[in-house]
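Asks: First, the structure itself, so that you have it in front of you.
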Amino acid sequence: MDITTTPIAALAENGIAWADMQMYVSVMIGLVIVMTIADLLHKKSATYFFQAADKADELLAAGEAESSIGNESGRLKQLSAGDKVNALVGTVAIDVATAGEFSNGPRRLVHIFTMWGFVLFVAATAIIIYGEAETATLATAWNIGAIMLLVGSWGYWFAFKVDCQSEGQSYFQIDLKKDIFSLGLMGTSLTALGWEIYGGNTWFVLVLVSTTALFGSVYWSKFSHMFFKPMAAYNKRIIEANGTNENLPHETRDDEWQQNRHSMELLKDAPMDMGLGIKRSKPENY
Amino acid sequence: MPTFVYMTRCDGCGHCVDICPSDIMHIDKKYRRALNIEPNMCWECYSCVKACPHQAIDVRGYADFAPLGHSVRVLRDERKGTIAWRVKFRDGRVKNFLSPITTKPWGSAIPDFRNEAEPTQAERDSELLSFEPESIRLDDGGLHTLESNGLKLKEGVYY
């Protein structure tokens with residue numbers, strides 16, 4: 001296996017026109033766009049986020065509400081443009097780029113491999129096909145992307161798939177409606193690497209089948225989460241920064257006023273860090 | 001009202017699935033996020049709501065204290081040893097509560113029974129339970145009551 005080449009250039013040399021390949025990629029991009037929009041409309045994801053943003057604005061506008069107990073003053077904050085840019089940078093740099101949502105380290109790693117592998121692989125494929133030329137750098141990105149996608153998607157299936165890990169189902173019991181996204185990624189990475197190593201029409205057809213299944217099932221799969229998850233992460237950062245935070249409590253023991261309250265007397269001599277309770281053990285009994 | 005999950009906050013970690021006494025919190029097979037598979041069987045114990053590290057689970061409070069349009073949110077901070085509640089009524093009034101959930105660092109007061117001596121026959125025949133009378137301070141001036149400690153029970157709710 002030479003990671004400085006891809007089988008795409010060989011395909012062009014063997015009689016398949018660049019224009020045909022460009023047509024296929026364009027159709028796949030079109031499918032993703034149309035189906036993602038249909039998915040957003042069907043699930044009302046965009047509406048949900050606009051409503052959530054409006055609700056946070058309403059809470060903010062209501063200001064410091066009448067409070068029976070607790071120090072509310074100075075807690076809510078109108079965000080400046082700079083604050084919003086900060087939230088956006090945090091969303092892109094942490095929540096998106098490093099899958100910051102996951103508190104489970106290994107699962108986060110698997111997601112990073114899958115996501116960045118997919119991005120590298122798809123971007124390199126598109127650049128090679130639309131540029132009608134392959135460079136060693138692009139080919140390396142294509143191969144590394146495919147390998148990362150293989151590690152991430154197959155690692156997820158065999159280490160984190162809840163049906164198998166926790167509910168005792170066989171790894172080979174497949175529910176196409178639920179597993180199509182995982183299977184599409186697994187199939188795409190495996191067949192792409194098989195095509196790279198062994199060449200030949202069979203592997204090429206398998207690549208076409210896998211990628212068509214992946215991009216043609218966006219409406220029914222969880223593919224579009226890559227568009228609405230960043231919106232959710234940004235929204236979370238904004239409401240945390242402006243203090244509305246979906247009405248979550250904000251009282252803590254750090255507040256001296258709280259420390260002197262009657263019901264907090266039991267904690268007067270206790271350390272400020274009590275260690276971990278139920279979070280000492282990983283959730284693995286489900 | 002039963003629990004529901006904000007899918008945009010959930011990361012599918014499984015803490016709620018582990019802790020649910022009814023075994024009705026499951027991970028969705030497609031989206032890999034938590035959901036309540038049987039709302040009718042949820043008795044609103046709030047275990048999952050408190051255990052969720054992302055505050056992704058919510059419950060509507062009972063109509064008698066929080067009619068529609070309210071919000072009841074809870075934040076369990078086990079590192080600080082506290083739990084905070086925030087009740088917002090539909091007329092805009094807000095009540096905040098902060099209470100201890102432990103008085104000692106977690107795990108520090110779990111007795112190590114392996115190192116304890118076996119009870120004697122006399123202790124087995126006694127009406128006292130294990131570690132009594134020390135554990136309930138009966139050996140330290142008899143039965144402790146509010147009266148013996150110079151305290152008085154006040155009427156009403158106070159905090």
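Asks: For the range B:13-31: of the residues being buried (at least 20 other Cβ atoms within 10 Å of the Cβ) and assigned to a loop (DSSP other than H, G, I, E, B), which is nearest to the other protein chains (Cβ to nearest Cβ)?
Replies: B:GLY14
Asks: Restricting attention to the range A:136-163, which residues are without any contact (Cβ under 8 Å) to a residue 24 or more places away in the chain, open to solvent by 40 Å² or more (accessible area, probe 1.4 Å) and either in contact with a Gly (Cβ under 6 Å, 6 or more places away or on another chain) or within 22 Å of A:ASP179 (Cβ to Cβ) (or both)?
Replies: Listed by number, the list holds a single entry, A:PHE158.
To keep it simple, each residue is scored yes or no on (1) closer than 24 Å to A:HIS262 by Cβ; (2) more than 9 Å from chain A (Cβ to nearest Cβ); (3) open to solvent by less than 40 Å² (accessible area, probe 1.4 Å).
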| position | (1), (2), (3) |
| --- | --- |
| B:SER47 | no, yes, yes |
| B:ILE57 | no, yes, yes |
| B:ARG60 | no, yes, no |
| B:ALA63 | no, yes, no |
| B:ARG73 | yes, no, yes |
| B:LYS80 | yes, no, no |
| B:ARG93 | yes, no, no |
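Asks: Just the residues that are in contact with a helix residue (DSSP H, G or I) (Cβ under 8 Å, 6 or more places away or on another chain) and open to solvent by 30 Å² or more (accessible area, probe 1.4 Å), please, taken from the range A:239-282.
Replies: A:ALA241, A:ASN245, A:GLU246, A:THR252, A:GLN259, A:LYS268, A:ILE278, A:LYS279
Asks: Next question, about the same structure. Name every residue in the range B:32-45 that is within 11 Å of chain A (Cβ to nearest Cβ) and closer than 22 Å to A:ARG280 by Cα, in order of residue number.
Replies: Within the range B:32-45, the first condition is being within 11 Å of chain A (Cβ to nearest Cβ), and the residues that meet it are B:32-34.
B:ARG33, B:ALA34, listed by residue number.
Asks: When you look at A:ILE197, is it of a type outside the set (Gly, Ala, Ser), open to solvent by 70 Å² or more (accessible area, probe 1.4 Å) and not in a helix (DSSP H, G or I), yes or no?
Replies: Values: of a type outside the set (Gly, Ala, Ser): yes; open to solvent by 70 Å² or more (accessible area, probe 1.4 Å): yes; not in a helix (DSSP H, G or I): no.
When the stated conditions are applied, A:ILE197 does not pass them.
Asks: Would you please name the residue that is surrounded by the fewest Cβ atoms within 10 Å (Cβ to Cβ), looking only at residues in the range A:166-187 that are in contact (Cβ under 8 Å) with a residue 40 or more places away in the chain and part of a helix (DSSP H, G or I)? Steps first, answer last, please.
Replies: Residues of the range A:166-187 that are in contact (Cβ under 8 Å) with a residue 40 or more places away in the chain, as a first pass: A:166, A:177, A:180-181, A:185.
Filter once more, so that each one left must be part of a helix (DSSP H, G or I): A:177, A:180-181, A:185.
Details: A:LYS177: 11, A:ILE180: 22, A:PHE181: 22, A:LEU185: 25.
The qualifying residue surrounded by the fewest Cβ atoms within 10 Å (Cβ to Cβ) is A:LYS177.
Asks: Take the range A:232-265 and flag every residue that is within 21 Å of A:ALA81 (Cα to Cα), of a type outside the set (D, E, K, R) and at the interface with chain B (Cβ under 8 Å from one of its Cβ atoms).
Replies: A:ALA232, A:ASN235
Asks: Return the residue satisfying two criteria in turn: it lies in the range B:111-129 and is open to solvent by 100 Å² or more (accessible area, probe 1.4 Å) and among the polar types (S, T, N, Q), and of such residues it is modelled with the lowest pLDDT.
Replies: This residue is B:ASN115.
Asks: Sticking with this structure for a sec: Can you pull out the residues in the range A:1-47 that are farther than 17 Å from A:VAL209 by Cα, assigned to a helix (DSSP H, G or I) and over 24 Å from the mean Cα position of the chain (by Cα)?
Replies: Listed by number, the residues that qualify are A:ALA9, A:ALA10, A:ALA12, A:GLU13, A:TRP18, A:ALA19.
The values are calculated or read from the model by the stated rules, or taken from the named source; none is laboratory data. Quick caveat: nothing in here was measured; it's all calculated off a predicted structure. For neighbour counting, all protein chains shown are included, and Cβ atoms are generated from backbone atoms with ideal geometry for every residue, glycine included. Ligands, DNA and RNA are stripped out before the accessible areas are found, and what is left, the full protein with its side chains, is counted by its heavy atoms. Shrake-Rupley method; radii C 1.70, N 1.55, O 1.52, S 1.80 Å.
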